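Engineer: Let me give you the structure first, and then I'll get to my questions.
The values are calculated or read from the model by the stated rules, or taken from the named source; none is laboratory data. None of the values given here were measured: they were computed from a predicted structure. Every residue, glycine as well, gets a Cβ built from its backbone with ideal geometry; the counts of neighbours run over all protein chains shown. Accessible surface areas use protein heavy atoms only, side chains included; no ligands, DNA or RNA. Shrake-Rupley method; radii C 1.70, N 1.55, O 1.52, S 1.80 Å.
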Amino acid sequence: MRKFVIATIGILYSISCYAQGVERINMRRSAQWPKDYVTGKTMIEVTFENPDGYEYEIGLIRNAINETWAKYANIEFTNWERASYRQKGIRIRVINRADMSDEAWPHTNGLGTQLDGLENGMILNFIWPGYPSNISRNDAIRFTAVHEFGHALGLAHEQNRPDYKRNCNCNVAIEETKFKGDGGDGDYYVTPCDENSVMNYCNRNWNNWGRLSYYDVLGIQTIYGKNPALTPSADQQQNVTIVDDLGTGQTWENMYVVLGSDQRTLHVDSNNSRDAIQFFNKKRSVYYKVWCSTYYGSRLMQGYGDGFITVPENRSSAFEVLLVGEPVNGKATLVLQQIN
Ligand SMILES: [Zn+2]
């Protein structure tokens with residue numbers, strides 16, 4: 001945790017944080033699909049090389065994409081039928097094979113416009129053994145589609161970013177995933193490195209359970225513009241991200257956070273100085289409890305805090321765990337403060 005600072009500095013911090021966010025999702029810039037110069041909308045055809053027998057799955061995919069990328073950004077995916085001869089746009093082949101070979105791994109054969117008209121540009125596998133066992137088959141199909149369509153819009157893996165290790169935690173070998181399956185690297189970091197991204201292999205929620213993170217939404221809107229049909233009340237769920245940074249004098253910290261009926265853990269140390277977890281769809285006012293144990297000022301220390309946070313309406317937000325004052329007898333007081 002970092003130390004609690006007076007309100008004015010807190011406000012300055014949150015503004016600078018936001019500004020950084022807009023400056024810099026991991027995208028290959030040249031892979032952006034063109035916008036209609038009159039309407040500003042990006043129209044992309046989606047077709048299937050072999051749709052027969054997959055009408056149900058295609059419906060799931062179409063719905064998942066319309067509830068994510070096409071909902072928040074000014075993008076419309078059209079067609080959704082069989083690919084014609086010399087078909088343009090995103091061309092999907094279903095390879096239903098129960099093995100973990102490179103060919104059977106769901107992937108795209110490029111990023112963004114590299115897929116335009118490319119036969120078998122996106123490979124989907126509805127019976128892939130690599131899906132987590134704790135989600136349904138329908139969810140596996142939907143969540144995978146959201147991730148692969150991220151590639152089709154030009155986004156690379158979040159964990160491929162050069163600033164990944166510094167700003168995000170990742171417990172899988174980055175080199176192993178870097179060239180696995182698809183994608184390649186981006187060169188345009190629209191938002192800060194985002195552990196909750198659907199494009200992050202290391203997200204502890206697999207493909208972020210098919211939901212776009214706060215920065216996924218901000219990033220795709222920065223690139224393709226905001227969907228003008230989005231009314232404020234139709235905007236993103238009230239997801240809450242809790243952030244913990246390693247503070248001055250801290251060697252490591254374990255944090256346990258309860259938010260409403262959910263509980264999660266955070267860990268920071270000198271290798272990963274920031275950890276973040278996302279809680280989905282919280283009420284306007286929600287009760288929290290935070291516990292930490294940390295090595296601080298060359299001694300072991302415990303911290304605790306509780307209270308209510310006010311969750312901003314109709315958008316996602318971020319709160320940071322802060323230390324209030326100085327620890328007394330090895331006990332610290334913690335508080336959550338909104339940073340975004
Ligand atoms: Zn991928």
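Engineer: What distance in nm lies between label points placed 7 Å from Cα along the C-beta direction at N66 and H267?
Structural biologist: 4.3 nm
Engineer: Would you kindly state how much longer the chain becomes between V38 and Q338 on full extension, computed as 0.36 nm times their sequence separation minus their alpha carbon distance, in nm to one decimal?
Structural biologist: Working: separation 300, 0.36 × 300 = 108.00 nm, distance 3.91 nm.
Difference between extended and current length: 104.1 nm.
Engineer: Pulled fully out, how much extra length does the chain show between S285 and R82, if you take 0.36 nm times their separation in residues and subtract their Cα-Cα distance?
Structural biologist: Roughly 68.3 nm would be gained on extension.
Engineer: Could you run the Karplus curve 6.51 cos²θ - 1.76 cosθ + 1.60 with θ = phi - 60° over the range 81-91 and give me ³J(HN,Hα) per residue in whole Hz, x for Gly and Pro?
Structural biologist: Values, residue by residue: 10, 6, 5, 8, 5, 6, 4, 8, x, 8, 10 Hz.
Engineer: Can you list which of the trypsin sites (Lys or Arg not before Pro) found in the range 237-291 are DSSP loop residues with at most 16 other C-beta atoms within 10 Å?
Structural biologist: Numbers: sites: R264, R274, K282, K283, R284, K289; in loops: K282, K283, R284.
Taking the range 237-291 and a limit of 16 other Cβ atoms within 10 Å, the loop trypsin sites (Lys or Arg not before Pro) found are K283, R284.
Engineer: Provide the FRET efficiency to the nearest 0.05 for the D245-N314 pair, computing r from the beta carbons and using R0 = 30 Å.
Structural biologist: 0.65
Engineer: Please list, by residue number, every one of the chymotrypsin sites (Phe, Trp or Tyr not before Pro) in the range 70-125 that is coil in DSSP and has at most 10 other beta-carbon atoms within 10 Å.
Structural biologist: Working: sites: Y72, F77, W80, Y85; in loops: Y85.
Those that pass, being in a loop and sparsely packed, are Y85.
Engineer: Working with all protein chains in place, sort D262, D244 by solvent-accessible area computed with a 1.4 Å probe, largest first.
Structural biologist: Greatest to least solvent exposure: D262, D244.
Engineer: While we're looking at this one, here's another question. Pop a pseudo-label 7 angstrom from the Cα along the beta-carbon direction at both K226 and D306 and give the gap in nm to one decimal.
Structural biologist: Here the answer is 3.8 nm between the modelled labels.
Engineer: Between Q237 and D102, with labels modelled 7 Å along Cα→Cβ, what's the label distance in nm to one decimal, could you check?
Structural biologist: 3.6 nm
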